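The values are calculated or read from the model by the stated rules, or taken from the named source; none is laboratory data. Worth saying up front: this structure is predicted, and the values here are computed from it rather than measured. Cβ placement follows ideal geometry from the backbone for every residue including glycine, while neighbour counts extend to all protein chains displayed.
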């Protein structure tokens, strides 16, 4: 107890300068917002009483697009459940999607794929008030200070103009919000009115969100009627160029012995890149300009591939045909929910069995892995699921 008593003043002493630094930073943000022409009423409503949230910094350092194995990332974003939901949205919003498709030239399947990946069709739009998230990121993440500060000022402009109420402006730790997760500066540049009410509300208006996404893809260079790419078969021992930006003609790729996954000849116009997201022993894809438009939305190959593959599945095309280089296959969302239910049955507290794998689920998985003699990874894969099933 004495050690704890001695530690408490030290903890408080460490916290006080940090809090003072945050308050000082917040005062600077207030001044910057005022200088940008944002009203005092909006500044006060958004920034008074703001507390930093360290979970935002934690989330910043654990982005799934860059840390999750590609097969796990795609396993939950392009599963049968997501495809069925996407097809239902295609039917439900057929007229809205047709109008967006005609207005911007971006096919409806891609628009719906972005919607599904970004927010699970509006069910997972983010929980953080943008003013808190962006203030925390600006003041406590100096590596990207100017970026987050710009997003905060843009978010306050959105509120100040009356486009979206402050209380509705909630999103991701990075400030992305609405059905298709625009960051504030992207909203100011590219959000459009899709339902004709004179406002651009990506939170409450699905039409605005879908039209705005189509506008984004169009401005990112989308080519109407063209393919994003397709899966290919690469000869064993291939040692040639690869990567999204290593672009060559279709004939050049053909001369290297590359064929479509079904054995057919390569097709498509313009130069393409050879994408091998899991290395030389995993599935490969030839990607064209429309893939770049999807990449521009988030800046990660895993993300762009999820959008592209989901759009294909929504068109009725098959999923990935090649084998991922793992003997521990990824789980779909339904399988993850089953995993969580089995963990709960074993006495582990993982929260609601919703298929979202957080810290509690990973800790429970590690405990099971230890019990059955598996490496303790905390990863929700087929091996630990089968162990829980008793297989």
Assuming residue 224 fulfils every condition listed in (1) at pLDDT 95 or above; (2) farther than 24 Å from residue 112 by Cβ; (3) loosely packed, with under 14 Cβ neighbours inside 10 Å apart from one, which condition is it? (2)
Would you tally the residues in segment 327-379 being part of a loop (DSSP other than H, G, I, E, B) and closer than 19 Å to residue 124 by Cβ? 11
When residue 239 is run through (1) surrounded by fewer than 15 Cβ atoms within 10 Å (Cβ to Cβ); (2) at pLDDT below 95; (3) under 22 Å from the mean Cα position of the chain (by Cα), the failure sits at (3)
Evaluate the following for residue 76: is it part of a helix (DSSP H, G or I), modelled with pLDDT under 95, over 18 Å from residue 171 (Cβ atoms) and in contact with a helix residue (DSSP H, G or I) (Cβ under 9 Å, 6 or more places away or on another chain)? yes
How many residues does segment 243-298 contain that are surrounded by fewer than 19 Cβ atoms within 10 Å (Cβ to Cβ), free of Cβ contacts under 8 Å to residues at least 40 places away in the same chain and not in a loop (DSSP other than H, G, I, E, B)? 12
Please go through segment 165-181 and pick out each residue that is touching a residue at least 12 places away in the same chain (Cβ under 8 Å) and in a loop (DSSP other than H, G, I, E, B). 169, 172, 173, 174, 175, 176, 178, 179, 180, 181
Among 353, 375, 380, the single one that is at negative phi and free of Cβ contacts under 8 Å to residues at least 12 places away in the same chain is 375
